[in-house]
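Report on the structure given below.
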Amino acid sequence: MNGNDVKPGPELYQQVRGGFIARGTTLAAWCREHGHNPTNARSALVGAWNGPKGRALRHRLAEDSGVIRAPRSVALA
């Protein structure tokens with residue numbers, strides 16, 4: 001899955017939660033550390049909050065949980 005394929009839904013919510021658990025933390029702990037409300041995070045992941053801020057949060061959650069990979073920087077010679 002790449003950054004353009006982050007489609008909201010219950011499956012994404014479960015994948016992100018599982019990703020954080022696999023990394024030794026939780027979605028709620030990530031939200032506390034980054035100043036986000038866990039309810040807003042869930043809404044973004046399932047698609048109930050689908051504006052620009054919700055999409056940005058969804059993408060960041062997917063990256064930080066390991067569901068998608070962050071794009072690599074390409075060094076120009």
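Select from the range 7-26 the residues that are in a helix (DSSP H, G or I) and touching a helix residue (DSSP H, G or I) at 6+ places or on another chain (Cβ under 7 Å) and write down the one among them that is farthest from Leu61 (Cα to Cα). Only one residue tops the list, namely Pro10.
For first residues located in the range 27-39 and part of a helix (DSSP H, G or I), partners that are surrounded by 14 or more Cβ atoms within 10 Å (Cβ to Cβ) and hydroxyl-bearing (Ser, Thr, Tyr) and lie 6+ apart or on another chain with Cβ distances below 9 Å form the pairs Leu27/Tyr13; Leu27/Ser65; Trp30/Ser65; Glu33/Thr25.
A count restricted to the range 40-60 and to residues that are surrounded by fewer than 18 Cβ atoms within 10 Å (Cβ to Cβ) and either part of a loop (DSSP other than H, G, I, E, B) or in contact (Cβ under 8 Å) with a residue 60 or more places away in the chain (or both) stands at 4.
Taken together, the values in this text are just the output of simple stated rules run on the coordinates, not laboratory data. If you're wondering where the values come from, they're calculated on a predicted model, not measured in any experiment. With ideal geometry, Cβ positions are generated from the backbone for all residues, glycine too; neighbour counts draw on all protein chains shown.
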